[in-house]
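Asker: Before I ask anything, here is the structure I am working with.
The values are calculated or read from the model by the stated rules, or taken from the named source; none is laboratory data. Not measured: the values here are computed from a predicted model. With ideal geometry, Cβ positions are generated from the backbone for all residues, glycine too; neighbour counts draw on all protein chains shown.
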Amino acid sequence: AYFKVHYPAVYYATYYSTRFTDFDIEVMIKGYDAIKNKIAEINDKGYDATNKEQGVLETLKLALETTARGFKFGNIDLYKSHAAHFTIDKIDDHVLIPPFRSIDGLGESVALKIMEEREKGAFVSIEDFAKRCKVSTTIIDKLRVMGVLDGMDESSQMSLF
């Protein structure tokens, strides 16, 4: 309770990192209204909601509280996100940066590989990122939709014409 009152960013980052395994990070990034709508959508399903949706529902309830208190979820960042832990943005301490594991379908080994490869050097292109980190095309597509790969070239090859 002390940390929730006096150090809320630390509390939320720790709580999300240790207590939850199911996320709908795309909804969480969109903010309060999107989270509220998703909660209502899952609640409307009643007993027809899957176990995964029930897990996501618990996460979204805390996410709703988090955003109501003035915090927001930043986007996944290839150079700032941790493999498994939510972190606090160094520039704005009211922004929580989600880990790679919060992306549905991205496993722990791939998340650790991304962290390992970014230490070796910047990703030149999406192709370079996929090859070095052994990321599937499905995950690449999710990262594209989320805007994580914006600004990166598609291929490592240069066009001479």
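Asker: How about the stretch 64-100: which of its residues are among the aromatic types (Phe, Trp, Tyr) and closer than 25 Å to Ala40 by Cβ? If you could, list the steps in order and put the result at the bottom.
Answerer: At the first step, the residues of the stretch 64-100 found to be among the aromatic types (Phe, Trp, Tyr) are 71, 73, 79, 86, 100.
Within the stretch 64-100, Phe71, Phe73, Phe86 qualify.
A quick yes/no check of all residues on (1) farther than 30 Å from Glu119 by Cβ; (2) of a type in the set (Ser, Thr, Tyr):
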site	(1), (2)
Lys30	yes, no
Glu41	yes, no
Lys45	yes, no
Lys52	yes, no
Gly55	yes, no
Lys61	yes, no
Phe73	no, no
Tyr79	no, yes
Phe86	no, no
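Asker: Pairs needed: first member in the stretch 7-36, without any contact (Cβ under 8 Å) to a residue 24 or more places away in the chain; second member anywhere, crowded, with 19+ Cβ neighbours inside 10 Å; C-beta distance under 7 Å; at least 6 residues apart or different chains.
Answerer: Ala34/Val27
Asker: Regarding Asp104, is this residue modelled with pLDDT under 95, assigned to a loop (DSSP other than H, G, I, E, B) and not hydroxyl-bearing (Ser, Thr, Tyr)?
Answerer: Details: modelled with pLDDT under 95: yes; assigned to a loop (DSSP other than H, G, I, E, B): yes; not hydroxyl-bearing (Ser, Thr, Tyr): yes.
So Asp104 fits the description; yes.
Asker: Need at least 1 residues that are under 13 Å from the mean Cα position of the chain (by Cα) per element, so show me which helices (runs of 4 or more DSSP H) inside the stretch 1-79 make the cut, counting only ones lying wholly within it. Break it down into steps so the answer makes sense when it comes.
Answerer: Numbers: elements: 2-6, 8-19, 25-30, 32-45, 51-68.
Filter on the stretch 1-79 gives 8-19, 25-30, 51-68.
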